[in-house]
Amino acid sequence: MSAVSQTRAVATTRSSRRRRRLARAVFLCAGVGLILIFVLFPLYWIIINSLKPESELARVGVSWLPSRPTLDNYVALVGRLIPFPTNVDELERQFGRVGVFPFHLYMKNSLVIAIGTTLLSLIVAVCAAYAFSRFTFRAKGFLMLVILMVYLIPHILLLVPLWIILRDAGLLESPVGVILAHSTGAIPFAIWMLTGYFNELPRELEEAAWMDGAGRLQALRHVILPLAVPGLIATCLFAFIVSWNEFLYASAILRKSDNRTLPVGLYALMSEARFYWGQINAGGVVATVPVAALFMIFQTYFVRGLTQGALKG
């Protein structure tokens, strides 16, 4: 009887463990499902509204699927811009009406500004992060705290002083001005990110390069940066997204139609007379394509960079 009791007790314990594991799995799946719904539902809503005709969007009520899916909103936003005019005035003369949406101009402006912000942020962040990681100097911790505080300051508080500085420097209505403004938000976080990444890289690799006659900059270029590829990619993606989605600085610095970025241009579709909801949603979908493409392209490269860095270290 003792052996039978022990067997039943073991079976009961195993069954209890299985139930607890099943309960944890169900709870985890439910939590992940809720998070996915919370994250993906806005994207789903934008996509289905971009496929609805304007007449359906004007109705009162909620419809979860378009009754007559159409690409008219995408055609109205992008398709009629072929061949591409060079500015808004030429666009209006070519199509004979005011208010046509110069999508390709806004996309080009956003790309130029986002790429410029990414390059500037990467160069400054690499130099500053390497100095914080490898050098010892007074007030090092205080300076890192100041950089973090700059990142935490709301952008709207920096808008007026930045606007005055750019006005005095003659950089209003210039992509350079917006790049500098966007960099104030991207560089501080990039410095913190790369400083932590550089701290994890062994100093012995640099010392070995110095023993072979390499200078500090050569060691940084040929030893540290190849190992820090995952951190560099993460920094570039962060800076690009910060600039690509930014609205406040771009709307204040770039007032002319020809210079607007895509977020500012999409906002211009909301006029007092009419809201072009279909084109706004279509523009939102198209605006997510570059960011999604970057993540899809660099995801594998990011993992490969981590593996190579581990093997080399």
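Summary of computed values
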item	result
Listed residues ILE47, ILE187 arranged by accessible area, highest first, probe 1.4 Å	ILE47, ILE187
Inter-part distance where the stretch 133-153 and the stretch 210-260 are each reduced to a Cα centre, Å	19 Å
Accessible surface, the stretch 223-287, averaged per residue in Å² (probe 1.4 Å)	39 Å²
Solvent-accessible ranking of PHE238, PHE137, PHE132, PHE295, largest area first, probe 1.4 Å	PHE295, PHE137, PHE238, PHE132
Range of Cα positions in the stretch 139-282 per principal axis (Å), largest first	70, 34, 25
Probe 1.4 Å - accessible area at PHE298, Å² to nearest ten	70 Å²
Burial ranking of peptide ranges 27-37, 224-234 (average Cβ count within 10 Å, highest at the top)	224-234, 27-37
Per-residue HN-Hα couplings for the stretch 129-138 [Karplus 6.51, -1.76, 1.60; θ = phi - 60°; Hz; x = Gly/Pro]	5, 5, 5, 5, 7, 10, 9, 10, 8, 5
Gyration tensor verdict on the stretch 109-170 (Cα atoms; rounded if a/c is under 1.5, prolate if a/b is larger than b/c, oblate otherwise)	oblate
Exposure ranking of MET211, MET107 by accessible area [1.4 Å probe, largest first]	MET211, MET107
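The values are calculated or read from the model by the stated rules, or taken from the named source; none is laboratory data. None of the values given here were measured: they were computed from a predicted structure. Glycine gets a Cβ as well: all are built from the backbone with ideal geometry, and neighbour counts include every protein chain shown. Surface accessibility is based on the protein's heavy atoms, side chains included, excluding ligands, DNA and RNA. Shrake-Rupley method; radii C 1.70, N 1.55, O 1.52, S 1.80 Å.
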